[in-house]
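Only one structure is covered here, and it is reproduced in the block below.
The values are calculated or read from the model by the stated rules, or taken from the named source; none is laboratory data. From a predicted model like this one, the values you see are computed outputs, not experimental measurements. Every residue, glycine among them, receives a Cβ derived from its backbone with ideal geometry; neighbour counts consider all protein chains shown.
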């Protein structure tokens with residue numbers, strides 16, 4: 001039987017170069033492009049724009065200088081100038097894939113879900129999504145939370161679910177017991193006695209996540225009556241359902257049938273889950289939040305002190321997100337979305353710990369060049385509830401005057417503050433990703449031209465390691 005060839009497709013290379021790099025014929029690459037609905041024309045345009053943006057400097061670059069420094073012809077630079085400067089948004093979609101789905105009889109709406117909506121478009125559904133959350137019966141989840149509420153409680157989830165885990169842990173900690181957001185991998189380091197001494201809520205949308213299944217299996221074998229399960233979808237792919245049924249576990253399914261799939265990162269289901277947790281913890285029947293997706297109402301981007309140069313977002317490669325109180329889940333979400341979609345690196349830190357040395361990164365990446373030939377590539381994001389206003393102002397006084405600052409603020413001083421800040425932070429992410437980097441977080445491109453999210457999740461398992469080593473121990477013999 002011939003060995004299957006795995007193609008590693010690089011959109012920045014020609015068909016011939018891809019063929020050489022993969023050790024196959026050009027016809028094989030062309031067949032791969034056709035089979036996967038890859039838009040070579042769109043990729044070529046995107047690569048040209050990115051090539052020009054690397055040399056483009058706000059206020060100082062001309063079309064001629066960009067052409068000269070990038071090696072792209074002047075006529076081509078003129079053609080794409082609005083995209084190079086950021087005046088227009090260029091987001092690369094697989095148009096051939098859309099046409100293929102339509103030829104198979106799918107409606108335009110179905111094609112839209114298959115090619116993934118823009119991140120900014122998904123945000124437009126937030127008011128409806130929160131209304132769906134208001135219609136859910138959260139009484140069973142609320143009862144589970146309130147039982148044995150003096151015990152520590154673990155909120156366990158992976159990836160984008162961590163935003164909801166941190167929100168739940170934060171709200172639980174406002175009561176008698178300590179809440180802790182934790183990943184399944186970190187759970188594998190805990191001893192059985194630690195798990196037995198608390199309660200756990202396993203959070204997974206579809207129940208097919210192997211890490212969540214492991215966490216459910218371990219926790220429910222130790223504390224079945226105190227292991228709850230939060231999930232959205234039934235079906236044969238949900239591997240948690242047999243465990244729930246066999247051990248009669250407390251389970252809470254919230255139907256998100258009205259919510260369209262987001263794509264690579266969670267958008268609508270994230271806000272849906274936040275709304276459910278808000279109601280379960282507060283007992284509120286409604287989520288009384290005014291939502292304005294206008295960027296001017298969501299964030300303020302400014303230089304730390306007047307009179308110095310403010311760089312465009314396409315020059316910012318690092319974001320330091322500073323939080324306190326209700327804003328911690330928002331900081332976690334910003335790190336997750338910006339990093340997973342390949343937009344930038346993100347560091348999160350609370351206001352006081354930032355003062356113990358992390359300020360040096362902003363100081364060293366802030367440029368002090370009056371000629372503007374060197375541009376700061378870091379921005380400090382200040383997440384503020386009424387509790388953080390004073391400390392935020394004190395922090396700004398000790399940062400360099402030229403440091404770019406993004407302020408995201410809420411008037412709420414309650415669990416609503418988290419959701420309000422989360423909406424505004426996601427509007428900021430949409431602007432940074434789509435308008436200035438040409439990236440749709442719902443459908444990001446990687447170096448191979450498409451992503452395989454399930455590949456690393458399925459091939460980098462840790463369960464065998466846990467079975468071999470168990471939890472951490474003060475005295476542990478080598479078992480190798």
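So, residue 229, is that one crowded, with 22+ Cβ neighbours inside 10 Å and farther than 30 Å from residue 471 by Cβ or not?
Working: crowded, with 22+ Cβ neighbours inside 10 Å: yes; farther than 30 Å from residue 471 by Cβ: no.
Answer is no for this residue.
Assess whether residue 75 counts as being assigned to a loop (DSSP other than H, G, I, E, B) and at pLDDT 65 or above. Write out each step before concluding.
On the way: assigned to a loop (DSSP other than H, G, I, E, B): no; at pLDDT 65 or above: yes.
Here the answer is no, as residue 75 does not meet what is asked.
For residue 178, state whether it is surrounded by fewer than 23 Cβ atoms within 10 Å (Cβ to Cβ) and at pLDDT 95 or above.
Working: surrounded by fewer than 23 Cβ atoms within 10 Å (Cβ to Cβ): yes; at pLDDT 95 or above: yes.
Criteria met by residue 178.
Do any helices (runs of 4 or more DSSP H) entirely within the stretch 185-261 hold 2 or more residues that are under 16 Å from residue 165 (Cβ atoms), and if so, which?
Of the helices (runs of 4 or more DSSP H) lying wholly inside the stretch 185-261, those with at least 2 residues that are under 16 Å from residue 165 (Cβ atoms) span 210-222.
Which of (1) within 29 Å of residue 474 (Cβ to Cβ); (2) modelled with pLDDT of 95 or more does residue 211 not meet, given it meets every other one?
The number of the failed condition is (2).
Could you list, in sequence order, the residues of the stretch 270-296 that are closer than 21 Å to residue 411 by Cα and in a helix (DSSP H, G or I)?
271, 274, 275, 277, 278, 279, 281, 282, 295, 296
Could you tell me whether residue 284 is crowded, with 18+ Cβ neighbours inside 10 Å, assigned by TED's automatic domain parsing to the domain that holds residue 143 and more than 13 Å from the chain's Cα centre (by Cα)? Show your work before the answer.
On the way: crowded, with 18+ Cβ neighbours inside 10 Å: no; assigned by TED's automatic domain parsing to the domain that holds residue 143: yes; more than 13 Å from the chain's Cα centre (by Cα): yes.
No, not satisfied.
Just one of the numbered conditions (1) under 20 Å from residue 303 (Cα atoms); (2) out of contact with any helix residue (DSSP H, G or I) (no Cβ under 9 Å at 6 or more places or on another chain) is not true of residue 383; which one?
Looking at each condition in turn, residue 383 falls short on (2).
If you check every pair at least six apart or on different chains, which have Cβ atoms under 6 Å apart with a residue in the stretch 347-365 that is within 15 Å of residue 325 (Cβ to Cβ) and in the same structural domain as residue 335 (by TED's automatic domain parsing) first and a residue that is in a helix (DSSP H, G or I) and at pLDDT below 95 second?
Note: pairs meeting the criteria are 349/358.
Test residue 210 against the stated conditions and say whether it is in the same structural domain as residue 276 (by TED's automatic domain parsing) and more than 22 Å from residue 336 (Cα to Cα). I'd like the intermediate steps shown before the answer.
Values: in the same structural domain as residue 276 (by TED's automatic domain parsing): yes; more than 22 Å from residue 336 (Cα to Cα): no.
The answer is no for residue 210.
Step by step: first the residues of the stretch 219-235, then only those that are in contact with a helix residue (DSSP H, G or I) (Cβ under 8 Å, 6 or more places away or on another chain) and at pLDDT below 95, then the one that is farthest from residue 266 (Cα to Cα). Which residue is that?
234
If you go through the stretch 297-314, how many residues are outside any loop (DSSP other than H, G, I, E, B) and crowded, with 19+ Cβ neighbours inside 10 Å?
Filtering the stretch 297-314 down to residues outside any loop (DSSP other than H, G, I, E, B) leaves 297-298, 300-303, 313-314.
From what is left, the residues that are crowded, with 19+ Cβ neighbours inside 10 Å are 298, 301, 313-314.
Looking only at that region, the number is 4.
Which count do you get for residues in the stretch 147-161 that are surrounded by 20 or more Cβ atoms within 10 Å (Cβ to Cβ) and modelled with pLDDT of 95 or more?
To start, the set of residues in the stretch 147-161 that are surrounded by 20 or more Cβ atoms within 10 Å (Cβ to Cβ) comprises 153-157, 160-161.
Next, only the ones that are modelled with pLDDT of 95 or more stay: 153-157.
Going through the stretch 147-161 one residue at a time, the tally reaches 5.
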